[in-house]
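Working notes, beginning with the structure itself.
The values are calculated or read from the model by the stated rules, or taken from the named source; none is laboratory data. Please read all numbers here as calculations on a predicted model, not as lab measurements. Cβ atoms come from the backbone with ideal geometry, glycine included; neighbour counts cover every protein chain shown. The accessibility values were calculated without ligands, DNA or RNA, using every heavy atom of the protein model including side chains. Shrake-Rupley method; radii C 1.70, N 1.55, O 1.52, S 1.80 Å.
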2 protein chains.
Amino acid sequence: MKAEIIAVGSELLLGQIANTNAQFLSQQLAEIGIDVYYHTVVGDNPQRLTHAIEVAKQRSNLIIFTGGLGPTKDDLTKETIAKMLNKSLVLDEEAWQSICDYFSKTNRPMSPNNRKQALVLEGSHVLKNEHGMAPGMALVVDQVTYMLLPGPPKEMQPMFMKYGRPFLLQKRHVREKIVSRVLRFFHIGESQLETEIEDLIDAQTNPTIAPLASDGEVTLRLTAKHEREEEAKRLIDEVEENILARVRPYFYGYNDETLFSKLLATLKEKHKTLAVAESLTGGLFLKEMTALPTASSVIAGGVVCYTNEIKENVLHVPKEILQTEGAVSERCAQSLAENVRKLCRSDIGISFTGVAGPDDLEGKPVGTVWIGIATERGTKTFALTLSGDRQAIRMRTAKYGCYYLLQLLH
Amino acid sequence: MKAEIIAVGSELLLGQIANTNAQFLSQQLAEIGIDVYYHTVVGDNPQRLTHAIEVAKQRSNLIIFTGGLGPTKDDLTKETIAKMLNKSLVLDEEAWQSICDYFSKTNRPMSPNNRKQALVLEGSHVLKNEHGMAPGMALVVDQVTYMLLPGPPKEMQPMFMKYGRPFLLQKRHVREKIVSRVLRFFHIGESQLETEIEDLIDAQTNPTIAPLASDGEVTLRLTAKHEREEEAKRLIDEVEENILARVRPYFYGYNDETLFSKLLATLKEKHKTLAVAESLTGGLFLKEMTALPTASSVIAGGVVCYTNEIKENVLHVPKEILQTEGAVSERCAQSLAENVRKLCRSDIGISFTGVAGPDDLEGKPVGTVWIGIATERGTKTFALTLSGDRQAIRMRTAKYGCYYLLQLLH
């Protein structure tokens with residue numbers, strides 16, 4: 001199958017938003033083995049949309065549209081396709097009913113336009129919208145599959161996953177189940193990871209192994225196909241085991257896990273509470289941890305000690321350390337971790353101090369970082385030399401905090 | 001001019017990155033009055049790229065390419081265009097010299113491929129790359145303007161702004177200067193703002209007024225054209241004055257300013273230091289403030305008091321308040337603001353407490369928020385009822401903190 005994704009919407013051509021729908025769909029299609037050859041973006045204009053479809057159906061046999069299914073007169077995706085394919089638009093009773101229900105439940109007045117949203121191409125397979133009003137649809141004409149999805153990602157993504165993707169798998173007569181699993185690594189570069197497992201990547205066809213680097217982390221996506229889902233999973237298990245035998249120290253989690261969510265889960269599992277002293281990171285570590293629901297069961301809180309006064313007055317770092325070795329020092333990191341642990345009466349204290357830039361500090365270069373971790377068994381410190389800009393250094397420091405603490409907890 | 005943006009790169013079709021280059025260029029082109037009719041994304045494949053160009057030159061007279069100017073054999077944008085337009089590729093001495101300089105300076109070995117990067121289309125106007133090795137280029141053939149830009153945004157954006165944009169302005173024989181200014185508003189919805197100034201928007205042609213809503217804020221972009229830059233600025237000043245006469249209470253800044261950067265600048269100007277007690281926001285407010293360089297001159301730091309124990313033990317909120325009124329209460333917000341101000345010996349203390357969800361807390365619904373601001377003149381509290389998910393509630397709370405504090409400081 002040769003796929004093309006056509007996004008319809010003038011807001012894209014004005015640069016008000018990026019075409020993240022095409023990115024999402026491309027990822028999903030790659031995962032089920034459908035090659036995407038083109039993305040096209042076109043405005044809310046029937047002539048230019050018609051032209052884009054004419055071009056697409058010459059070169060692609062799967063055309064996925066996003067956007068233009070709304071109630072206004074600017075929304076014209078299905079109307080334009082209906083005209084081109086010589087199909088009429090018919091009312092979908094189920095969609096119409098759910099639109100009526102929505103308006104009666106919220107006590108809002110319905111406008112005549114809303115009926116337009118319940119119209120679908122005759123003979124199409126309707127894709128239910130469980131997060132909005134406009135249904136999607138799919139149909140095959142002259143061996144070209146047309147799939148229409150709504151524009152808002154919150155509606156489009158679940159619709160595609162629940163109804164669009166299965167439709168495509170069936171269309172391709174794929175009886176195989178496709179199972180994929182992402183392995184997440186930290187503290188190892190993409191090229192080093194690839195070198196370590198190069199022979200596995202080269203030899204492997206089922207599952208495939210796809211590396212990707214982003215935000216200072218590396219992931220491997222393992223994708224297996226088999227008629228029986230259990231067997232696909234077993235194939236993945238086998239390769240995962242081979243990979244981890246070589247690079248286990250850098251592995252931290254699966255799929256959507258993050259270093260922060262993994263740390264939260266591990267703290268809960270071990271029944272340990274954590275307090276945090278943030279100088280360099282200025283609240284970033286705690287912000288990431290508390291972004292997760294239920295963080296309060298193990299994250300006590302902490303102190304953002306951005307100035308030396310707060311380090312001294314609130315966290316009682318000895319003046320002597322600040323004067324002789326400075327705030328960016330091993331002893332300061334140690335003192336901060338120990339004292340925030342005591343102050344917050346937590347099982348563990350962690351501290352971050354360093355130079356985020358743009359300028360050097362205390363004669364220490366940008367990227368100098370100290371992390372301290374205090375527990376009942378004593379205090380460990382970790383030195384880092386990081387590169388990148390201010391935000392990158394802060395974020396990587398916070399991630400290293402998770403990584404070192406996870407290692408201590410295991 | 002009818003513009004089309006063609007992004008070349010298989011990583012886009014695999015969904016590994018979003019096409020943010022098209023977004024950036026679309027914004028810039030809109031600002032100088034060039035209409036963008038299509039975006040196209042195509043992989044590193046000469047046949048399909050050729051097809052995309054054939055389609056584009058039938059319907060557009062400005063085609064801007066991003067990507068495919070690198071040294072590898074996958075990079076084939078200029079080679080493909082050269083073949084199509086029957087042009088040869090010639091060495092650009094200046095680009096070649098700067099590539100040689102780069103390698104000799106960094107002591108890295110040069111590969112034969114690097115010479116390929118210095119090749120440009122014969123007769124083209126070379127666009128200098130001041131942030132990388134591959135030069136861009138622009139040329140006009142059969143009344144179609146072709147502009148080739150590198151893929152990495154860090155190279156593409158400055159090249160376009162410094163060399164690409166002036167080339168296009170000259171090409172269009174635009175002698176007018178185009179000046180634009182963004183006005184930023186908070187605590188007013190897009191539709192309310194539009195209603196307040198509807199007659200101004202409708203009547204205005206120079207400058208134009210373009211509203212845009214995002215992240216709970218609304219902006220108005222004013223764009224004026226005039227042969228004399230001074231006069232364009234004066235036209236904008238005039239409209240700005242008319243707009244602010246109606247909605248000044250919601251206005252907080254210009255262009256790239258944020259509520260956080262505005263607050264930092266205002267604190268510096270007034271020589272006031274700030275300490276922060278974060279319950280609901282869990283470090284988010286301090287993280288945003290300390291993301292800005294030089295924050296340490298006015299941001300002392302603060303306490304992330306995620307649990308009631310920390311509120312009581314570190315920030316000395318009376319047990320009675322926590323037991324009778326709860327952590328999410330006006331008196332708790334007041335006590336937190338006053339005590340963090342004292343603890344950190346700052347001029348101002350600000351506190352955030354509330355319910356971010358997903359579940360209710362202390363019988364109070366998700367979105368209930370209290371903000372406290374303590375100064376030498378006493379303490380003020382602010383109640384909010386916010387909607388949205390956990391992250392949206394936390395971020396909007398932090399922004400309201402900036403907004404209320406800015407109002408008190410003025």
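Distances between copies at residue B:192, taken between label points 7 Å from Cα along the C-beta direction, are 5.3 nm in increasing order. Any chance you could list P(r) for segment B:2-171, counting all Cα-Cα pairs in 10 angstrom bins from zero, rounded to whole %? Result, from short to long distances: 10, 42, 37, 10, 1 percent. Please give the solvent-accessible surface of residue B:347 in Å², to the nearest 10, using a probe radius of 1.4 Å with every protein chain present. Near enough 60 Å² of accessible area. Applying a threshold of 21 Å to the alpha-carbon distances of A:268/A:311; A:268/A:399; A:272/A:342; B:57/B:83; A:83/B:57; B:319/B:364 flags A:268/A:311; A:83/B:57 as lying beyond it. Ranking B:225, A:364, B:78 by solvent-accessible area of protein heavy atoms (1.4 Å probe, all protein chains present), from largest to smallest, gives B:225, A:364, B:78. Annotation: amide H of residue B:364 has no partner in the under-5 Å range at sequence separation 5 or more or interchain, hydrogens built in the peptide plane. Summing Lys and Arg as +1 and Asp and Glu as -1 over all other residues whose Cβ lies under 12 Å from the Cβ of residue A:258 gives a net charge of -2. When the other protein chains are added to the chain by itself, burial of at least 40 square angstrom of heavy-atom accessible area (probe 1.4 Å, ligands and nucleic acids ignored) affects these residues of segment A:1-40: A:13, A:14, A:15, A:16, A:18, A:23, A:37, A:38, A:39. Here residue B:105 is the anchor, and no aspartates and glutamates lie within straight C-alpha reach of less than 12 Å, apart from those fewer than 8 places off in the same chain. Counting only protein chain heavy atoms and rolling a 1.4 Å probe, the accessible areas of A:403, A:250 rank, largest first, as A:250, A:403. Among DSSP bridges having both ends in the protein assembly as shown, what percentage is antiparallel? Round to the nearest 5. Around 65 percent of the beta bridges assigned by DSSP in the protein assembly as shown are antiparallel ones. Note on residue B:177: aspartates and glutamates with a C-alpha under 13 Å away, same-chain residues under 8 apart excluded, are B:31, B:227, B:229, B:230, B:231.
When both bridge partners sit in chain B, DSSP labels roughly 65% of those beta bridges antiparallel.
In order along segment A:193-205, phi translates into HN-Hα couplings of 4, 4, 5, 4, 10, 3, 5, 5, 4, 5, 7, 8, 10 Hz, rounded to whole numbers, per the Karplus curve 6.51 cos²θ - 1.76 cosθ + 1.60 with θ = phi - 60° and x for Gly and Pro. For residue A:409, inter-copy separations between label points set 7 Å beyond Cα along the Cβ vector come to 3.7 nm, shortest first.
Per-residue SASA remark: residue B:385, around 130 Å² accessible (1.4 Å probe; ligands, DNA and RNA not included).
Taking only the C-alpha atoms of the protein assembly as shown, the Rg (one decimal) and the largest Cα-Cα distance, Dmax (whole number), read 28.8, 84 Å.
Short to long, the 10 Å bins of the Cα pair-distance histogram for segment A:251-410 hold 12, 44, 34, 9, 1 percent of all pairs.
Principal-axis analysis of the Cα atoms of chain B puts helix B:93-106 at an angle of about 50° to the longest axis. Using only the Cα atoms of chain B, build the gyration tensor, take square roots of its eigenvalues as a ≥ b ≥ c, and label the shape rounded, prolate or oblate: rounded if a/c is under 1.5, else prolate if a/b is larger than b/c, else oblate. The shape class here is prolate. Highest mobility in the GNM of chain A, judged by mean-square fluctuation with C-alpha springs under 10 Å and restricted to A:18, A:392, A:213, is found for A:18. Distance from the alpha carbon centroid of segment A:375-410 to that of segment B:116-191 works out to 41 angstrom. Most fluctuating residue of B:220, B:14, B:274 in a GNM of chain B with Cα springs under 10 Å: which is it? Comparing B:220, B:14, B:274 in a Gaussian network model of chain B, the most mobile one is B:14.
Restriction of the GluC sites (Glu not before Pro) in segment A:327-384 to DSSP coil positions whose beta-carbon has at most 12 other beta-carbons within 10 angstrom yields A:362, A:376. Solvent-accessible area lost on pairing B with A (1.4 Å probe, both sides summed) amounts to about 4600 Å². Beta bridges per DSSP, both residues in segment A:2-171: antiparallel share near 40 percent. Measuring from the axis that maps chain A onto chain B, the chain A residue with the nearest beta carbon and its rounded distance in angstrom come out as A:283, 2. Between the alpha-carbon centers of segment B:195-227 and segment B:49-114, tell me the distance in whole angstrom. Centre-to-centre distance over Cα atoms comes out at 39 Å.
Annotation: aspartates and glutamates with alpha-carbon distance below 19 angstrom to residue A:380 (same-chain offsets under eight excluded): A:278, A:325, A:330, A:338, A:347. Taking the square roots of five times each eigenvalue of the Cα gyration tensor of segment A:177-254, the equivalent ellipsoid has semi-axes of 22, 12, 11 Å, listed largest first. Between segment B:261-289 and segment B:343-361, how far is it from one alpha carbon centroid to the other, in angstrom? Cα centroid to Cα centroid, the span is 12 Å.
Less than 5 angstrom separates the built amide H of residue B:151 from those of B:67, B:68, B:69, all sequence-distant by 5 or more or on a different chain.
Copy-to-copy label distances for residue A:363, where each label lies 7 Å from Cα along Cα-to-Cβ, are 6.1 nm in order of increasing length.
Across segment B:61-71, computed HN-Hα scalar couplings (Karplus, 6.51 cos²θ - 1.76 cosθ + 1.60, θ = phi - 60°) run 10, 9, 10, 10, 9, 10, x, x, 9, x, x Hz from first to last residue, x flagging Gly and Pro. With a 10 Å cut-off around each Cβ of B:350-360, the average count of Cβ atoms from other chains is 1. The heavy atoms of residue B:172 present about 80 square angstrom of accessible area, all protein chains included, probe 1.4 Å.
For residue B:277, the shell of other residues with beta-carbons less than 10 Å away shows a net charge of 0, using +1 for Lys and Arg and -1 for Asp and Glu. The phi-based Karplus calculation (6.51 cos²θ - 1.76 cosθ + 1.60; θ = phi - 60°) puts the 3J(HN,Hα) values of segment B:37-44 at 9, 8, 10, 10, 10, 9, x, 7 Hz, whole numbers, x for Gly and Pro.
Residue by residue along A:161-172, Cβ atoms of other protein chains within 10 Å of the local Cβ number 0 on average.
For residue B:2, the amide hydrogen comes within under 5 Å of the amide hydrogens of B:61, B:62, counting only partners 5 or more places away or on other chains and with H modelled in the peptide plane. The helix-only estimate of mean residue ellipticity at 222 nm for chain B, built from DSSP H runs of length n ≥ 4 each weighted as -39500 (n - 2.57), is -12000 deg cm²/dmol after division by the residue total.
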